[in-house]
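Novice: I have a structure here, written as structure tokens, and I will follow up with some questions on it.
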Ligand code: PRP
């Protein structure tokens, strides 16, 4: 039987679209399934399982799926021993405790004896234990933010991303338990053949992520300022410098992180750089 890499992703939820997008950028074509929960990629030996988020850690730990794209928060909550392979740079969020807006909150002691609604009982229990707080954990599986408004709890512990859901439900964030983003994770029961496929996928993902965070920078620079300009440019080895038709000027090309570019743009201009272009990189092979 041919070897296949089995990857679990969220059936629905905040990670789904970005998970499929990053696979597409890796050149892997998978149908976004509405009905079929197991689909094969058309051009890579990969099968994709659309699963309920909270079930995924167990499926991977038990070897039903080889790898998964999961929020770090879900891995921590599951208490499963999964290998964290690569942070994927999307679905940034935090797991936080929030209480009704306007409530005086002196610190974690406020939580003593209170009832806290959450879908993350393990993470919350860990936080309460660390802070020596005795509180009642009320586990619910969704719509957690409604709990204080309907008299079900005094506080909530849930994921916060933009903060919009808290705002709309008249809640204020008071404690951050953990910060999270999407990760590629792996289970322990992987054969060498599957491991080789997993490494191929990892290589592609790293190339996509490097391309996302870097830009190709082109500019024209006066020759007499080249030494100063080269000094402030990072470049993978060193920048490429080519003479322009107009004497006394060169074209300078390099790869730079977008963040670093904004830091040095003023210096480049001060050294006479002109015609500065920032171009997205499709893939960056490391
Ligand atoms: C999460 C979380 C909050 C919301 C926060 O729900 O449970 O309700 O996102 O996001 P915000 O700060 O951007 O408003 P999600 O949509 O992931 O689905 P869930 O209800 O299944 O947790």
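Novice: Would you mind stating whether residue 52 is within 14 Å of the ligand (Cβ to nearest atom) and surrounded by fewer than 16 Cβ atoms within 10 Å (Cβ to Cβ)?
Specialist: It is true that residue 52 is within 14 Å of the ligand (Cβ to nearest atom) and surrounded by fewer than 16 Cβ atoms within 10 Å (Cβ to Cβ).
Novice: Test residue 105 against the criterion of being away from the ligand (no atom under 16 Å from the Cβ) and either buried (at least 18 other Cβ atoms within 10 Å of the Cβ) or modelled with pLDDT of 95 or more (or both), and give yes or no.
Specialist: Criteria met by residue 105.
Let's see how each residue does on (1) surrounded by fewer than 21 Cβ atoms within 10 Å (Cβ to Cβ); (2) at pLDDT below 95; (3) in contact with a helix residue (DSSP H, G or I) (Cβ under 9 Å, 6 or more places away or on another chain); (4) part of a loop (DSSP other than H, G, I, E, B):
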| residue | (1), (2), (3), (4) |
| --- | --- |
| 36 | yes, yes, no, yes |
| 81 | yes, yes, yes, yes |
| 86 | yes, no, yes, no |
| 99 | no, no, yes, no |
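Novice: Can residue 193 be described as part of a helix (DSSP H, G or I) and in contact with a strand residue (DSSP E or B) (Cβ under 9 Å, 6 or more places away or on another chain)?
Specialist: It is false that residue 193 is part of a helix (DSSP H, G or I) and in contact with a strand residue (DSSP E or B) (Cβ under 9 Å, 6 or more places away or on another chain).
Novice: Every residue in the stretch 169-195 that is more than 28 Å from residue 94 (Cβ to Cβ) and free of Cβ contacts under 8 Å to residues at least 40 places away in the same chain, please.
Specialist: 192, 195 - these are the residues of the stretch 169-195 that are more than 28 Å from residue 94 (Cβ to Cβ) and free of Cβ contacts under 8 Å to residues at least 40 places away in the same chain.
Novice: Further question on the same structure: Would you pick out the residues in the stretch 55-67 that are more than 16 Å from the ligand (Cβ to nearest atom) and either part of a helix (DSSP H, G or I) or touching a helix residue (DSSP H, G or I) at 6+ places or on another chain (Cβ under 9 Å) (or both)?
Specialist: 58, 59, 60, 61, 64, 65, 66, 67
Novice: Okay, moving on. Among the residues of the stretch 147-168, write down those that are more than 9 Å from the ligand (Cβ to nearest atom), surrounded by 16 or more Cβ atoms within 10 Å (Cβ to Cβ) and outside any strand (DSSP E or B).
Specialist: Result: 147, 148, 153, 154.
Novice: Continuing with the same structure: Can you tell me which residue in the stretch 249-283 is nearest to residue 201 (Cα to Cα), limited to those that are in a loop (DSSP other than H, G, I, E, B) and out of contact with any strand residue (DSSP E or B) (no Cβ under 6 Å at 6 or more places or on another chain)?
Specialist: Filtering the stretch 249-283 for residues that are in a loop (DSSP other than H, G, I, E, B) and out of contact with any strand residue (DSSP E or B) (no Cβ under 6 Å at 6 or more places or on another chain), the one nearest to residue 201 (Cα to Cα) comes out as 283.
Novice: Return the only residue of 42, 14 being within 15 Å of the ligand (Cβ to nearest atom), at pLDDT below 95 and out of contact with any helix residue (DSSP H, G or I) (no Cβ under 7 Å at 6 or more places or on another chain).
Specialist: 14
The values are calculated or read from the model by the stated rules, or taken from the named source; none is laboratory data. Model, not experiment: these values are computed from the prediction. Using ideal geometry, Cβ is built from the backbone for each residue, glycine included, and neighbour counts are taken over all protein chains shown.
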